[in-house]
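To start, the structure itself, in structure tokens.
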Amino acid sequence: MSELQAQSAGERVVEPLGVPRIETKTQRSRYLDVLIALAAFAVLATLPFLFSSKALLDFVIRCSAFGLFATSLNLLVGYTGMISFGHGMFFGIGAYGFALIMQRTGVPIPLAFICTLLLTTVVAAVIGAICVRLKEIYFAFVTLAFQMLIHSMILSWVSLTGGDQGLRGGIPRPVFFGLDLSNYVHLYIVSCALLVTGLLLMRQIAQSPFGYTLRMIRDNAVRASFIGIDVWRAKLTVFVLAALFASTGGIIMSLFVSGAYPEFAFWTISGEGIFINMLGGVTTFLGPMVGTVLLLILNDTVTRLTEYYGIVLGIVILFFAIGLRRGLMDFAVEWYEARRARRTTATG
Amino acid sequence: MLEIQQLSKSFGGVKAADDISLSFADGSLTAVIGPNGAGKSTFFNLITGALRPDRGRILLNRIDLAGRSPPDIVRHGIGRAFQVAHIFPSLTVHETMLAAVGADQRRASLLHRRFPLAETRERAEHAMEVLGLVGKRDRIAATLSHGDQKLLDIALAMVLDPKVLLLDEPTAGMGTEERWRMIDKVYELWERQKITVVFIEHDMDIVFKIAPEIVVLCYGRILATGTPDAIRGNPEVIKAYLGTEQHAETAL
């Protein structure tokens, strides 16, 4: 029975409590998700052979980096209700960690990738253990404080990080499994593979029993603890998992620019993550991915037309926040469901 | 058996629970009554781990649960429903039950499988059936009526198969008819499940009608315990809570 039907049946309907319902209706099997992911990868992988535009490949690689970052932020914001203003620190740690390991040790790329994720796990576990105890605004600002701390360390530890000049000199890219990341198409394919695999894994997290635990915590953490859920542990787990995907985004970015820069760990990266989620929406799994594409298109077109990029972006954000009052995908899904409900009422 | 021994809790100079000692036999149904501020909800908060007692022991089948965390206490078999329904507004009734059973089966952290888990379905169905929520299984919790939200809150506690169920004002905020429907449901639940039920209630008609045992709290202390007849005739209870003997008679 719909809310409308319940009202007409004379029941006293309690106002929804303002908590968004995240894509729980469609219970696709994981095999279907894998098929969709494979199809998406196949489409992306054919692009270099269909279009000769390097700008297009650039765009997709950047989408891969920011898409992983923004979708991982949505695991915190949309699924768990933890608004982190410091998630960008893990993007920075991924970029710097990977670039440093490759520059200083010259180990194979897969090993450097794993070591970077291990480093991210340790840092995220320590920061998370402190932050996830905090509530809402305190959590947001303490994560921001940690991000600024890491950014300051990058700036001041010049001998290791290159300070405000960033890590220059390029990243060595030894061939692995026949892939040569100094070849642009190979880099593109690997970025797409990381994006698709990352999204698939995050989708599995979101649709697993743990994903529903996160939804319960977001809806009512007190109740969740009174049905036996260790809220702190669940929050810490998702904080670390989200950090790993953000870090992977940072690794892609460091390969793309062949280095790492302090901006990757600056608070504006976290701000962009929040913007992306606002643009794309947080109640659908692919909302942040759509937001990423939107933001990067805006970025690329507006900066070409005017130097007042910030003003234009601000107006767009205001349009979504005040005009639509939700992200694009949220709006589209609501519109579609309302239309379907109207049709059902009309036919039923 | 749930035994409370010398349970105390103060907030500054205010004694919210003052040396409370009680025992609840297995399968008993007990009402906790008392004026506003008597410490009834604090008493529940102490038992369920929402508050840490300053002193005292909470023994469930001889295991001391005092000072433990709510998840730990829940796992030992004490379930709770709240005065204001504590539900998961964005989930459907069915999803809520499935997720709660999953939590009880310690499968809430599973990452490699998909929700819902097959092994949670039967218990979820049973809880919905017992609480009369089967017809509303696909309704999003936030859109349920107030009474159904309270039922869902109780179902959330019930689905964990508790040994002791604490209900904090199950009829709060309901109209007369709805109250009786709810309390009938609680009574039916108690009879059917054979668990220990302790409930806080302000409606004396309900209390005197269904509770074989009554505990009266006042200023954090136990004022009286006993059967409805004993409580009804207790001059201290009449003075502190029921008002006058005449009022007590009217309530009956």
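Taking the options A:G78, A:G67, A:G86, A:G94, name whichever one is touching a residue at least 12 places away in the same chain (Cβ under 8 Å) and either surrounded by fewer than 15 Cβ atoms within 10 Å (Cβ to Cβ) or not in a helix (DSSP H, G or I) (or both).
So the residue among A:G78, A:G67, A:G86, A:G94 that is touching a residue at least 12 places away in the same chain (Cβ under 8 Å) and either surrounded by fewer than 15 Cβ atoms within 10 Å (Cβ to Cβ) or not in a helix (DSSP H, G or I) (or both) is A:G86.
For every residue, the table says whether it meets (1) more than 13 Å from B:V164 (Cβ to Cβ); (2) hydroxyl-bearing (S, T, Y); (3) in contact with a Pro (Cβ under 8 Å, 6 or more places away or on another chain); (4) in contact (Cβ under 8 Å) with a residue 60 or more places away in the chain.
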{"site": "B:L22", "(1), (2), (3), (4)": "no, no, no, yes"}
{"site": "B:G34", "(1), (2), (3), (4)": "yes, no, no, yes"}
{"site": "B:D64", "(1), (2), (3), (4)": "yes, no, no, no"}
{"site": "B:G77", "(1), (2), (3), (4)": "no, no, yes, yes"}
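Which residue pairs have Cβ atoms closer than 8 Å, lie 6 or more positions apart in sequence or on different chains, and pair a first residue in the range B:108-121 that is within 7 Å of chain A (Cβ to nearest Cβ) with a second residue that is in a helix (DSSP H, G or I) and of a type in the set (A, V, I, L, M)?
Note: pairs meeting the criteria are B:A108/A:A234; B:A108/B:A99; B:S109/A:A234; B:L111/A:I205; B:F115/B:L98; B:F115/B:A99; B:L117/B:L98.
Taking the conditions exactly as written (crowded, with 17+ Cβ neighbours inside 10 Å, at pLDDT 90 or above and of a type outside the set (S, T, Y)), does A:L313 satisfy them or not?
In short, no.
Restricted to the range B:185-242, and to residues that are hydrophobic (A, V, I, L, M, F, W, C) and in a loop (DSSP other than H, G, I, E, B), which residue is nearest to B:T48 (Cα to Cα)?
Here the residue is B:I195.
Does the range B:164-178 hold any residues that are touching a helix residue (DSSP H, G or I) at 6+ places or on another chain (Cβ under 7 Å) and surrounded by fewer than 18 Cβ atoms within 10 Å (Cβ to Cβ), and which are they?
B:G173, B:E178
State all residues of the range A:144-162 that are assigned to a helix (DSSP H, G or I) and free of Cβ contacts under 8 Å to residues at least 60 places away in the same chain; if no residue qualifies, say none.
Selection gives A:A145, A:L149, A:S152, A:M153, A:S156, A:V158, A:S159.
Got a sec? Which of A:L241, A:L255 is more than 7 Å from chain B (Cβ to nearest Cβ), farther than 20 Å from A:L75 by Cβ and either part of a helix (DSSP H, G or I) or aliphatic (A, V, I, L, M) (or both)?
It is A:L255.
Do you know which residues across the range A:194-216 are more than 14 Å from chain B (Cβ to nearest Cβ) and either assigned to a loop (DSSP other than H, G, I, E, B) or touching a Leu at 6+ places or on another chain (Cβ under 9 Å) (or both)?
A:L194, A:L195, A:V196, A:G198, A:L199
The values are calculated or read from the model by the stated rules, or taken from the named source; none is laboratory data. The model shown is predicted, which means the values in this text are computed figures rather than measured ones. Methodologically, a virtual Cβ is constructed for each residue, glycine included, from the backbone with ideal geometry; neighbour enumeration extends over all protein chains shown.
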